[in-house]
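Colleague: My questions will all concern the structure given below.
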Amino acid sequence: MAKRRQTPLRTSEQDVAATKRAPSTPQTESPAFRLAFADDDFLTAEENRGIRFQLEYQKPEFHMREAGINSTVVLFGGARIPEPGKPAWAAMNDTQKANLEAASRYYDEARRFAQLASETSRALDFKEFVVVTGGGPGVMEAGNRGAADVGAPSIGLNIVLPHEQAPNAYVTPEFSFNFHYFATRKIHFLMRAKAVAVFPGGFGTLDEFFETLTLVQTGRMSKIPLLLFGAEFWGKVINFEALAEAGTIAPTDPQLFNIVDSAEEGWDVVRRFYDLSMTGDVVNPV
């Protein structure tokens, strides 16, 4: 946390400590006596949902601004995709086991893509192109791991789920955040994004991809490199041509993203978009 500015006024921490030393009486033991900002029951009340949205936005923003992180490279993808050679822990039958094990190559591609992004980030003092993932297993782990491979920091935006998604071991601890609201988490995924890489995944990955695509399509977000990894996977899962033929999207809308199959191919799209040199320096900043 940033060093507190000197002020003649008492701090909130001092008053929290003071209330803990107050004598125990019916008045001091009443919930009404608690300081509002130190009262969990009050902060989690239904009526204060708006305050919680604000706090959940502000905390990661505070930490990233303090670290001087200006831009990120986002990796979305399936939590169930295993590292090559590791068991497909999420498989429910033999077909899923075979498919997930075959998809493990995307773990390696995500890891390599994060390495390439982080090498560029290093050239820019880790202020630009910082890798960010959802902080969990699978493709997310691969992304954070790729950054760690080259000694770069990376961000993990975890969310509390019924099956408890713990942060993977490769997220930089001071950038390991936890969310209650998907909405505020999505804001932090995209507000600094200079590129978004989407690997094979399930409902969550599809949601994240279409959210990003919709923002770009509607002009609510500047056009950035939006990469779909895995031509075979996406060709089976989404028929973009059928949407265009039906008239529900513009014929040019599929040009808003690039389908790639390797980390090098994907990073080359980013490199050309921002006119990056092969060493990672920005030749002509966009």
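The values are calculated or read from the model by the stated rules, or taken from the named source; none is laboratory data. From a predicted model like this one, the values you see are computed outputs, not experimental measurements. Backbone-built Cβ (ideal geometry, glycine too); neighbour counts: all protein chains shown.
Colleague: Tell me the helices (runs of 4 or more DSSP H) entirely within the stretch 40-123 that contain at least 1 residues that are in contact (Cβ under 8 Å) with a residue 60 or more places away in the chain and under 22 Å from the mean Cα position of the chain (by Cα).
Modeller: On the way: elements: 40-43, 49-67, 94-102, 105-123.
Ranges flagged: 49-67, 105-123.
Colleague: For the stretch 190-201, state whether one or more residues are more than 12 Å from the chain's Cα centre (by Cα), modelled with pLDDT of 95 or more, surrounded by fewer than 21 Cβ atoms within 10 Å (Cβ to Cβ) and farther than 28 Å from Arg105 by Cβ.
Modeller: No, every residue in the stretch 190-201 fails to be more than 12 Å from the chain's Cα centre (by Cα), modelled with pLDDT of 95 or more, surrounded by fewer than 21 Cβ atoms within 10 Å (Cβ to Cβ) and farther than 28 Å from Arg105 by Cβ.
Colleague: Inspect the stretch 162-176 for any residue being free of Cβ contacts under 8 Å to residues at least 24 places away in the same chain and not in a loop (DSSP other than H, G, I, E, B) and give the result as yes or no.
Modeller: Yes, because at least one residue in the stretch 162-176 is free of Cβ contacts under 8 Å to residues at least 24 places away in the same chain and not in a loop (DSSP other than H, G, I, E, B).
Colleague: Give the residues of the stretch 124-161 that are buried (at least 19 other Cβ atoms within 10 Å of the Cβ) and part of a strand (DSSP E or B), sorted by residue number.
Modeller: Within the stretch 124-161, Val130, Val131, Val132, Thr133, Ser154, Ile155, Gly156, Leu157, Asn158 meet the criteria.
Colleague: Now, a different point. Select from the stretch 2-37 the residues that are part of a helix (DSSP H, G or I) and in contact (Cβ under 8 Å) with a residue 24 or more places away in the chain and write down the one among them that is farthest from Ala67 (Cα to Cα). Write out each step before concluding.
Modeller: Taking the stretch 2-37 and keeping what is part of a helix (DSSP H, G or I), we get 12-20, 31-33, 36-37.
If we keep only those that are in contact (Cβ under 8 Å) with a residue 24 or more places away in the chain too, we end up with 12, 37.
On the way: Ser12: 24, Phe37: 25 Å.
If we take residues in the stretch 2-37 being part of a helix (DSSP H, G or I) and in contact (Cβ under 8 Å) with a residue 24 or more places away in the chain, then Phe37 is farthest from Ala67 (Cα to Cα).
Colleague: Also, I was wondering about something else. Could you check the stretch 162-189 and list, in sequence order, the residues that are surrounded by 15 or more Cβ atoms within 10 Å (Cβ to Cβ) and small (Gly, Ala, Ser)?
Modeller: Matches in the stretch 162-189: Ser176 only.
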